[in-house]
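What follows is calculated from the coordinates using simple rules that are stated; it is not laboratory data. This one's a predicted model, so the numbers in the text were calculated from it and none came from an experiment. Virtual Cβ from ideal backbone geometry, glycine too; neighbours counted across all protein chains shown.
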Amino acid sequence: MITSADLPDTIPVFPLPGALLLPRARLPLHIFEPRYLAMLEDVMKTPERLIGMIQPHEGPDNRLQAIGCAGRLTAFSETEDGRYMITLSGVSRFRVRKEVDGFTPYRRCEVSWEGFARDLGPVETDPGLNRDSFLKLLARFFEERGLSTDWESLNEAEDELLINSLSMLCPFDSEERQALLEAPDLSNRRESLVALIEFALHGGGPGEEMMQ
């Protein structure tokens, strides 16, 4: 298990629009670009095996959001043509101090882990979660968007797994995902998630992406 003492000051970052990683959640990724294959090769040589997932701002300047989430490389497999299927397990959010210049083809950032001690702690619970009401709202959203899911698994999932999985998988845009990432705790994330779903049901919200 990674502790705060294990977290490095500089990490490689993977700016990927629409990809959200949260602490203790898992994110599968398909790596094929040469710069990210190089990143993966370098990461596998480090004891922490951390990659920082972060949203880029929209626009031509290629700026990064202030906050991302680092994941530990916990699974990978190589395809016959040299690509990788990997899984990142969320460790902790971080705040970007500055981008680091260097000779790597991928981007690196000097980061701060302060303010995110909760991410390294035990699984969170949400005392304010009314599961029946929440799942009824979710069912309306899924029906309207033509989405499908395993309702039995959702109903049985622990609070954190339920809320974080939906935050990562529901078809929200990048700015909305960033708001979910930056929620200070699980209760706040659930409140943000409910607000986004209600907004979508009232005519706003995400496009017609599909979640399996």
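Descriptive notes on the structure:
- Using the Cβ-Cβ distance between T125 and E175 with R0 set to 35 Å, the FRET efficiency works out to roughly 0.80.
- Between helix 34-43 and the chain: long-axis angle, C-alpha atoms, 0 to 90°, nearest 10: 80
- Overall, the range 4-120 carries a charge dipole of about 380 debye about its Cα centre when +1 sits on the Cβ of Lys and Arg and -1 on the Cβ of Asp and Glu, all other atoms neutral.
- A dipole drawn for the range 4-120 from +1 and -1 charges on Cβ atoms has a positive end, and of G115, F32, C69 the residue lying farthest that way is G115.
- With the simple spin-label model, which puts each label point 7 Å out from Cα in the Cβ direction, the F103 to S77 separation comes to 3.6 nm.
- Principal-axis tilt of helix 186-201 within the chain, Cα atoms, nearest 10 degrees: 60
- Summed over qualifying helices (DSSP H, 4 residues or more, each -39500 (n - 2.57)) and divided by its residue number, the chain shows a 222 nm mean residue ellipticity of -9500 deg cm²/dmol.
- Cα long-axis angle, helix 159-169 against the chain (0 to 90 degrees, to the nearest 10): 70
- About the centre of its Cα atoms, the range 131-201 shows a dipole size close to 160 debye [charges on the beta carbon of Lys, Arg (+1) and Asp, Glu (-1) only; nearest 20 debye].
- Cα gyration tensor shape of the range 82-179, rounded if a/c is under 1.5, else prolate or oblate by comparing a/b with b/c: prolate
- Just checking the listed ones, L73, L27, L138: in the Gaussian network model of the chain with Cα springs under 10 Å, the one fluctuating most is L138.
- The length gained on full extension between D61 and A19, counted as 0.36 nm times the residue separation minus their Cα-Cα distance, comes to 13.2 nm.
- Label-point gap, in nm, between R118 and E158 - each point 7 angstrom along Cα→Cβ: 1.6
- Dipole magnitude for the chain: computed about the Cα centre from +1 point charges on Lys and Arg Cβ and -1 point charges on Asp and Glu Cβ, it is near 440 debye.
- Dipole of the range 131-201, positive direction: furthest Cα of L186, L166, L196, with charges on the beta-carbon: L196
- Potential lengthening of the chain between D6 and D42 amounts to 11.2 nm, from the contour at 0.36 nm per residue minus the alpha-carbon distance.
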